[in-house]
Amino acid sequence: SLEIPATRAGQLVSVYALSYAVFAPLSAWLLRGLDRRRVILLAIGFFLAGNLACGLATGFYQIVAGRIVSALGAAIFTPAATALASDLVPPHRKGAALAVIFGGMTVAQAAGIPLATLIGQMFDWRYAFYFVVVLGLVALAILMPLMGRLPVGAAAPAAASASRALTPATAGLLLVTFLIVLSEFVVYTYVS
């Protein structure tokens, strides 16, 4: 409907992947002093707004902008959710809490890609984005009553974060994470 070739549409996944890979470490660092509950709500807001913008887009660059905004939301959400899940459980349960977070993300990707492809083929590509918005609103409706029960706290206390300077080891880990996330998201379009 936008009269662009499939290869150009495939670039939208690359835009999302690159944006996510850049925004995840930056957002975790920039938002480290904020209350995690607010950070999670901010992340969901960006994610919903970006996907809604994609569904309503009338041109390629509007979708690019929407993909960047939705990637920002996802990139903010992932570190905040993992940190919050880790904080909510006793030390001996942290691994299980993180497994639930990443397991949920894996299942969402494995089920979401073929489902979004099916929706796009059965109806219109825009409905795949609208479907994501509806699911995001359902998640938000489930999450909102739980937010009041979560402990108030910053993502990283200022004193603790000041002592964690970027070392060569953490820079290397950051680079490896960047490359892994970039490579895993880029192929999703071509799988479907």
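The values are calculated or read from the model by the stated rules, or taken from the named source; none is laboratory data. Values in this document were obtained by computation on a predicted structure and should not be read as measured data. We place every Cβ from the backbone using ideal geometry, glycine too, and count neighbours over all the protein chains shown. Just the protein is used for accessible areas: all its heavy atoms, side chains included, with ligands, DNA and RNA removed. Shrake-Rupley method; radii C 1.70, N 1.55, O 1.52, S 1.80 Å.
Answer with yes or no whether Leu137 is surrounded by 14 or more Cβ atoms within 10 Å (Cβ to Cβ) and either assigned to a helix (DSSP H, G or I) or free of Cβ contacts under 8 Å to residues at least 60 places away in the same chain (or both). Spelling it out, it is not the case that Leu137 is surrounded by 14 or more Cβ atoms within 10 Å (Cβ to Cβ) and either assigned to a helix (DSSP H, G or I) or free of Cβ contacts under 8 Å to residues at least 60 places away in the same chain (or both). The residue of the stretch 47-58 that is farthest from Leu137 (Cα to Cα), among those that are of a type outside the set (A, V, I, L, M) and open to solvent by 20 Å² or more (accessible area, probe 1.4 Å), is Thr58.
Within the stretch 126-155, if we keep just the residues that are modelled with pLDDT of 80 or more and of a type in the set (Gly, Ala, Ser), the residue that is farthest from Val13 (Cα to Cα) turns out to be Ala141. Mind checking whether some residue in the stretch 96-106 is over 19 Å from Ala24 (Cβ atoms) and at pLDDT below 85? The answer is no, given that none of the residues of the stretch 96-106 is over 19 Å from Ala24 (Cβ atoms) and at pLDDT below 85.
Take Thr7 and tell me if it is over 26 Å from Leu173 (Cβ atoms), at pLDDT 90 or above, open to solvent by 60 Å² or more (accessible area, probe 1.4 Å) and hydroxyl-bearing (Ser, Thr, Tyr). In short, no. Taken over the stretch 24-46, the criterion of being under 11 Å from the mean Cα position of the chain (by Cα) and open to solvent by 60 Å² or more (accessible area, probe 1.4 Å) is satisfied by Phe46 alone. Of all residues in the stretch 105-123, those satisfying the criterion of being touching a residue at least 24 places away in the same chain (Cβ under 8 Å) and touching a Phe, Trp or Tyr at 6+ places or on another chain (Cβ under 9 Å) are Gln109, Ile113, Ala116. Screening Ser183 on (1) within 18 Å of the chain's Cα centre (by Cα); (2) modelled with pLDDT of 80 or more shows it passes everything except condition (2).
Applying the set (1) in a helix (DSSP H, G or I); (2) within 20 Å of Ile40 (Cβ to Cβ) to Gln62 leaves exactly one unmet item: (2).
Here's the yes/no breakdown for (1) in a helix (DSSP H, G or I); (2) under 21 Å from Ile180 (Cα atoms); (3) of a type outside the set (Gly, Ala, Ser); (4) touching a Cys at 6+ places or on another chain (Cβ under 8 Å):
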| residue | (1), (2), (3), (4) |
| --- | --- |
| Arg37 | yes, no, yes, no |
| Ile68 | yes, yes, yes, no |
| Phe77 | yes, yes, yes, no |
| Ala85 | yes, no, no, no |
| Ala116 | yes, no, no, no |
